[in-house]
Amino acid sequence: MGGFYESLLAKGKTMKPKVNIIIVTYRRLSWLRHLLYRLNLLQFRQITPDIVVIVVDNDPQESAREVCQDRALRYKITYYSEKRKGVSHARNAGLLRIRPDANFVVFIDDDEFPSPQWLEELLIIQERTGADIVTGPVIPIFVEKAPDWIVRGKFMERPRHPDGSNINYARTGNVLMKREVCQKVGLFNEELSLRGGEDTEYFERALKHGFRIFWADRAEVYEWVPPERANLFWILQRAYRTGQTLSYLKAKKGTQKLVIGFEGLARIGIGSLMFLLTLPWLAARRTEVPVKWLRICVRGLGLLTAMLGIWYHEYGSGRVRNYV
């Protein structure tokens, strides 16, 4: 297995794993407060780690500082302010402040909150599989009632996998990494700090280093979905950005621009045709059917524009509301 506890057992030692939880936040004080409260409720039956929480505030006005000084919080919280705007800058500020004795680094987003068993399940799968990286499900929670077609189309849901299965991707919304991964992979790509997709690129680099990613299906995290996201515009905007990220990653792997452009045009063509053919579904109030094809078309547009050097900055607007 090659896990943390097995190595300690071989040495005749018992020791709690030391986990640093990194939270990047930007003007979402109520969500952050709720997340920190939920960390208080974590439960441990088999593995009880030592936990330090690192909060990196990307607001130059340091709006989250007071939230992190709440004495009711169970774990030691270290607060840092990262003045450079952008998610990669903030994530890197967290990585650079990992404690020297940390065995594992965990990321969770400020618009999420964990189930009580979340962290222990990540650690259990790591120990069982010897994984370098463990990730788990992120389940959407709508702040307000979402349109029926969004729920039926599962536009806010992400794929799930069998518990303990080996997969080839991870995101920072729910992930545990050995410290060694951070040391060898390095920092997040700051070229993507305002564009987004920096976590996808980071874990692709981890795979190139030979690190293995495993799935912990019981390590559930819940993500708030506000009205600003539960609509057609946001769905297509995210599809456009993910298309751009895919284009960027293909280019980094050496894929020729002509090939990327052809794939983008193919997605646009097929998506547009099928969108038109499925428009009659609107009469049956099955909006999700044509929207899925429109999303493919827009993702192709993202592939094409990124290949041409035209970039969308998902994290550039700074328009954030406070919820919960």
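Looking only at region 197-212, count how many residues are more than 14 Å from the chain's Cα centre (by Cα) and open to solvent by less than 10 Å² (accessible area, probe 1.4 Å).
1
Take residue 218 and tell me if it is touching a helix residue (DSSP H, G or I) at 6+ places or on another chain (Cβ under 6 Å), assigned to a loop (DSSP other than H, G, I, E, B), open to solvent by 50 Å² or more (accessible area, probe 1.4 Å) and in contact (Cβ under 8 Å) with a residue 12 or more places away in the chain.
yes
Determine, yes or no, whether residue 254 is more than 18 Å from residue 311 (Cα to Cα), surrounded by fewer than 20 Cβ atoms within 10 Å (Cβ to Cβ), out of contact with any helix residue (DSSP H, G or I) (no Cβ under 8 Å at 6 or more places or on another chain) and modelled with pLDDT of 95 or more.
When the stated conditions are applied, residue 254 does not pass them.
Report the residue count in region 187-196 for those that are farther than 30 Å from residue 49 by Cα and either open to solvent by less than 40 Å² (accessible area, probe 1.4 Å) or assigned to a helix (DSSP H, G or I) (or both).
Counting residues in region 187-196 that are farther than 30 Å from residue 49 by Cα and either open to solvent by less than 40 Å² (accessible area, probe 1.4 Å) or assigned to a helix (DSSP H, G or I) (or both) gives 6.
Given the options 267, 241, name the one that is part of a helix (DSSP H, G or I), open to solvent by less than 30 Å² (accessible area, probe 1.4 Å) and under 30 Å from residue 152 (Cβ atoms).
241
Considering only region 96-125, state which residues are over 17 Å from residue 43 (Cα atoms), open to solvent by less than 20 Å² (accessible area, probe 1.4 Å) and not β-branched (Val, Ile, Thr).
Residues satisfying the conditions are 102, 104, 107, 110, 111, 112.
Say we look at region 148-186 and pick out the residues that are more than 24 Å from residue 110 (Cα to Cα) and among the acidic types (Asp, Glu); which of these is surrounded by the most Cβ atoms within 10 Å (Cβ to Cβ)?
Per the criteria, the residue is 163.
Out of region 27-39, which residues are assigned to a loop (DSSP other than H, G, I, E, B) and open to solvent by 50 Å² or more (accessible area, probe 1.4 Å)?
27
So residue 295 fits all but one of (1) at pLDDT below 95; (2) closer than 30 Å to residue 146 by Cα; (3) in contact with a helix residue (DSSP H, G or I) (Cβ under 8 Å, 6 or more places away or on another chain); what number is the exception?
Unmet condition: (1).
Select, from 87, 53, the only residue that is among the aliphatic types (A, V, I, L, M) and over 12 Å from residue 19 (Cβ atoms).
The match here is 87.
May I ask you to list the residues in region 82-102 that are polar (S, T, N, Q) and in contact with a helix residue (DSSP H, G or I) (Cβ under 6 Å, 6 or more places away or on another chain)?
If the condition is that a residue be polar (S, T, N, Q) and in contact with a helix residue (DSSP H, G or I) (Cβ under 6 Å, 6 or more places away or on another chain), then 88 is the only one that fits.
Among the residues of region 276-307, write down those that are over 29 Å from the mean Cα position of the chain (by Cα) and either in contact (Cβ under 8 Å) with a residue 24 or more places away in the chain or assigned to a helix (DSSP H, G or I) (or both).
276, 277, 279, 280, 281, 282, 283, 284, 285, 286 - these are the residues of region 276-307 that are over 29 Å from the mean Cα position of the chain (by Cα) and either in contact (Cβ under 8 Å) with a residue 24 or more places away in the chain or assigned to a helix (DSSP H, G or I) (or both).
If I ask for residues that are in a loop (DSSP other than H, G, I, E, B), open to solvent by less than 20 Å² (accessible area, probe 1.4 Å) and either of a type in the set (Gly, Ala, Ser) or on the phi > 0 side of the Ramachandran plot (or both), which ones from region 40-92 would you list?
64, 86
Could you please tell me which pairs satisfy a Cβ distance under 8 Å, a separation of 6+ or placement on different chains, a first residue in region 27-56 that is of a type in the set (Gly, Ala, Ser), and a second residue that is open to solvent by 10 Å² or more (accessible area, probe 1.4 Å) and not in a helix (DSSP H, G or I)?
Between residues of region 27-56 that are of a type in the set (Gly, Ala, Ser) and residues that are open to solvent by 10 Å² or more (accessible area, probe 1.4 Å) and not in a helix (DSSP H, G or I), the close pairs are 30/322; 30/323; 30/324.
From the list 234, 224, which residue is without any contact (Cβ under 8 Å) to a residue 40 or more places away in the chain and surrounded by 14 or more Cβ atoms within 10 Å (Cβ to Cβ)?
Every option except 234 fails the conditions.
The values are calculated or read from the model by the stated rules, or taken from the named source; none is laboratory data. Being a predicted model, the structure only gives us computed values, none of them experimental. Neighbour counts are summed over all protein chains in view; Cβ atoms, including those assigned to glycine, are modelled from backbone coordinates with ideal geometry. Ligands, DNA and RNA are stripped out before the accessible areas are found, and what is left, the full protein with its side chains, is counted by its heavy atoms. Shrake-Rupley method; radii C 1.70, N 1.55, O 1.52, S 1.80 Å.
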